[in-house]
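Engineer: Dumping the structure here so I can ask a few things about it.
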Amino acid sequence: MECRVLSIQSHVVRGYVGNKSASFPLQLLGFEVDSINSVQFSNHTGYSHWKGQVLTADELHVLYEGIKLNNVHHYDYVLTGYTRDTSFLEMVVDIVQELKRANPNLVYVCDPVLGDHGSMVRLLIIRVPCCMCVHAVMDLLHAMGPDTVVITSSDLPSRLGDRFLVSLGSQRHVRPDGSRTTQRVRLEVPKVDAVFVGTGDLFAAMLLAWTHHYPTDLKTACEKTFSVMHHVIQRTISYAHELAGPGRRPSPPQLELRMVQSKADIEDPAIVTEATVIS
Amino acid sequence: MECRVLSIQSHVVRGYVGNKSATFPLQVLGFEVDSINSVQFSNHTGYGHWKGQVLTAEELNVLYEGIKLNNVNHYDYILTGYSRDISFLVTVVDIIKELKKANPSLVYVCDPVMGDQGAMYVPENLLPVYKNKVVPLADILTPNQFEAELLTGRKINTEEDAIEVMDLLHKMGPETVVLTSTDLPSKQGDQFLVALGSQKISKVSDGTNTDQKICMDIPKVDAVFVGTGDLFAALMLAWTHQHPKDLKTACEKTVSVMHHVIKRTITYANEMAGPGKRPTPAQLELRMVQSKADIENPAIVVEAKVLQKSSQ
């Protein structure tokens with residue numbers, strides 16, 4: 001498989017968020033990952049202390065220039081995550097536009113929503129906190145651009161009870177005869193009693209990987225993605241409780257994802273969540 | 001395995017040098033890798049063009065402070081490689097000293113990158129810093145012949161010279177020394193280069209010291225690779241961790257992984273370049289991700305020969 005991803009996310013010295021969360025799993029699955037680190041921090045901002053440096057929009061541009069001057073600015077995927085800086089985000093958009101000119105088949109995996117630049121986004125992961133008619137939400141998002149939309153968590157009541165949350169996905173295809181079809185799926189995902197950081201970044205990376213392997217089968221892509229998340233989270237929470245000791249709440253360092261230890265699950269996840277096709 | 005490495009090396013957006021070269025193999029082998037990126041460049045400096053930013057000594061301190069304030073400055077290994085900046089290197093030394101105080105069992109794997117084939121490619125004033133401050137802290141050292149000669153002030157013309165130089169390096173600090181490549185003639189002919197290693201082992205039972213000295217004949221490859229030294233140092237860390245008193249096996253595994261990665265890389269590079277054309281630096285980037293299975297479980301392709309064993 002020859003597949004190159006440009007991932008523009010944070011770097012932390014210790015722990016798993018941003019590029020630290022996305023790169024290793026993608027590399028394990030055979031993707032070449034070029035990574036631009038938008039910041040370098042000691043650790044994520046959920047710890048008591050954090051220190052480091054941020055990349056400016058100009059510095060981002062300089063790095064991209066280097067890639068371009070060598071004529072190696074050819075990517076199959078671009079992956080971005082959280083950014084706080086408008087000018088940085090605008091530079092990212094410019095870069096993605098140029099990369100799409102170089103490769104019109106480029107897939108841009110975006111977490112979270114890019115506002116009125118949504119026309120560039122082919123695959124979108126969003127978190128919707130409130131109860132809206134989900135079909136309406138997803139169709140609205142498709143209309144903005146992305147062919148694939150996954151609502152990672154919603155407040156819809158789960159059939160399996162209040163220990164579960166509902167996630168939804170929707171993917172538009174054009175059939176060989178030119179007609180359009182939409183596959184919608186729904187998953188009941190077990191809730192976990194802990195706050196994790198970096199899970200969204202891992203989710204986006206894994207959705208990239210599994211939609212790559214199953215481009216017209218959102219059901220399977222989501223089952224694999226959510227299953228990997230489950231295994232990593234379970235392993236992490238077991239270990240965190242072990243470290244914290246009985247009756248104590250684990251600390252942010254103790255709750256860092258057990259990424260390296262989850263290699264086998266990332267490579268070949270046992271499916272633990274079945275997606276229901278809802279239309 | 002609960003083993004945490006602090007690696008302070010370069011980051012390139014594209015390709016495999018520095019932390020990009022070291023991190024994935026170590027993670028694949030189960031190590032937790034904390035990485036401080038000393039620079040962020042678009043790609044390594046062997047391409048037609050390169051652009052990016054460097055981390056200052058002050059910024060390095062700030063990052064370390066963050067780790068320390070959270071009381072997570074506990075490492076089993078430190079790994080460092082190429083550095084161009086004296087004040088940066090001195091700050092690295094201070095950090096290592098503090099980490100060794102926090103964990104006296106910490107192992108510092110040091111690749112004293114200064115040059116090759118008789119020429120320095122870092123500023124000359126780094127040599128005294130390596131000699132006087134860095135190497136004394138190192139536990140595992142991976143110099144090439146030129147770097148070993150610079151550090152000890154002795155030339156290597158024979159195997160005996162190499163052994164003497166490794167013993168001199170032991171006296172400067174590191175218990176494990178690997179001469180990653182030399183110009184010594186190989187018994188297998190001129191398609192091979194000679195590498196040597198030496199490890200001091202103290203017997204806890206009776207306090208005596210022995211050492212194991214090994215030598216390997218490694219097939220030469222007709223291409224210039226970048227990042228292979230960084231991969232080598234990371235693999236030495238991993239395999240000496242698995243085989244702490246068996247330098248022979250640690251070196252065989254390290255060199256074998258190198259062989260598989262390099263062969264895969266050169267095959268692919270020649271394919272990309274086309275018949276009769278020399279591959280470009282971009283085409284010669286290590287096939288790291290594709291070599292996962294070889295990294296995890298290398299088929300042994302080089303046998304290390306144990307040289308004289310001596311007791312002191």
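The values are calculated or read from the model by the stated rules, or taken from the named source; none is laboratory data. Every value quoted in this text rests on a predicted model; they were computed, and no experiment measured them. So basically every Cβ, Gly included, is an ideal-geometry build from the backbone, and we count neighbours across all protein chains shown. Side chains are part of the model used for accessible areas, which takes the heavy atoms of the whole protein and leaves out ligands, DNA and RNA. Shrake-Rupley method; radii C 1.70, N 1.55, O 1.52, S 1.80 Å.
Engineer: Out of all the residues in region A:24-41, is one or more charged (D, E, K, R), in contact with a Leu (Cβ under 7 Å, 6 or more places away or on another chain) and touching a residue at least 40 places away in the same chain (Cβ under 8 Å)?
Structural biologist: Yes, there is a match, as at least one residue in region A:24-41 is charged (D, E, K, R), in contact with a Leu (Cβ under 7 Å, 6 or more places away or on another chain) and touching a residue at least 40 places away in the same chain (Cβ under 8 Å).
Engineer: Within region A:8-26, does at least one residue satisfy the condition of being among the aromatic types (F, W, Y), under 26 Å from A:D76 (Cβ atoms) and facing chain B (nearest Cβ under 7 Å)?
Structural biologist: Yes, region A:8-26 has at least one match.
Engineer: If only one of A:L140, A:L165, A:L208 is touching a Ser or Thr at 6+ places or on another chain (Cβ under 7 Å) and either open to solvent by less than 10 Å² (accessible area, probe 1.4 Å) or among the hydrophobic types (A, V, I, L, M, F, W, C) (or both), which one is it?
Structural biologist: Checking each option against the conditions leaves just A:L165.
Engineer: For B:A282, only one of the following conditions fails: (1) open to solvent by 20 Å² or more (accessible area, probe 1.4 Å); (2) among the small types (G, A, S); (3) farther than 25 Å from B:Y82 by Cβ. What is its number?
Structural biologist: Of (1) open to solvent by 20 Å² or more (accessible area, probe 1.4 Å); (2) among the small types (G, A, S); (3) farther than 25 Å from B:Y82 by Cβ, only one is false for B:A282: (3).
Engineer: Just the residues that are touching a strand residue (DSSP E or B) at 6+ places or on another chain (Cβ under 6 Å) and within 13 Å of B:I300 (Cα to Cα), please, taken from region B:219-254.
Structural biologist: Result: B:K248, B:C251.
Engineer: Give the number of residues within region A:178-233 that are within 18 Å of A:E256 (Cβ to Cβ) and charged (D, E, K, R).
Structural biologist: Final tally of qualifying residues: 2.
Engineer: For region A:77-86, state whether one or more residues are at the interface with chain B (Cβ under 9 Å from one of its Cβ atoms) and either of a type outside the set (D, E, K, R) or more than 28 Å from B:K292 (Cα to Cα) (or both).
Structural biologist: The answer is no, given that none of the residues of region A:77-86 is at the interface with chain B (Cβ under 9 Å from one of its Cβ atoms) and either of a type outside the set (D, E, K, R) or more than 28 Å from B:K292 (Cα to Cα) (or both).
Engineer: Shifting gears a bit: Condition first: more than 23 Å from B:A238 (Cα to Cα), touching a residue at least 12 places away in the same chain (Cβ under 8 Å) and assigned to a helix (DSSP H, G or I). Now tell me which residues in region B:138-171 satisfy that.
Structural biologist: B:F146, B:E149, B:L150, B:L151, B:T152, B:E159, B:A162, B:I163, B:V165, B:D167, B:L168
Engineer: On the basis of being under 23 Å from A:H49 (Cβ atoms), touching a Pro at 6+ places or on another chain (Cβ under 8 Å) and not in a helix (DSSP H, G or I), does B:V72 make the cut?
Structural biologist: yes
Engineer: Out of B:V122, B:V113, B:V109, B:V135, report the one residue that is part of a helix (DSSP H, G or I) and either within 16 Å of B:I8 (Cβ to Cβ) or without any contact (Cβ under 8 Å) to a residue 40 or more places away in the chain (or both).
Structural biologist: Of the residues listed, the single one that is part of a helix (DSSP H, G or I) and either within 16 Å of B:I8 (Cβ to Cβ) or without any contact (Cβ under 8 Å) to a residue 40 or more places away in the chain (or both) is B:V135.
Engineer: Now, a different point. Identify, from the list B:S35, B:S83, the residue that is facing chain A (nearest Cβ under 7 Å), small (G, A, S) and either open to solvent by less than 60 Å² (accessible area, probe 1.4 Å) or touching a Phe, Trp or Tyr at 6+ places or on another chain (Cβ under 6 Å) (or both).
Structural biologist: B:S35
Engineer: Would you point out the residue of region A:42-65, among those that are buried (at least 22 other Cβ atoms within 10 Å of the Cβ) and either at pLDDT below 95 or at the interface with chain B (Cβ under 7 Å from one of its Cβ atoms) (or both), that is nearest to A:S251 (Cα to Cα)?
Structural biologist: In this case the residue turns out to be A:Y47.
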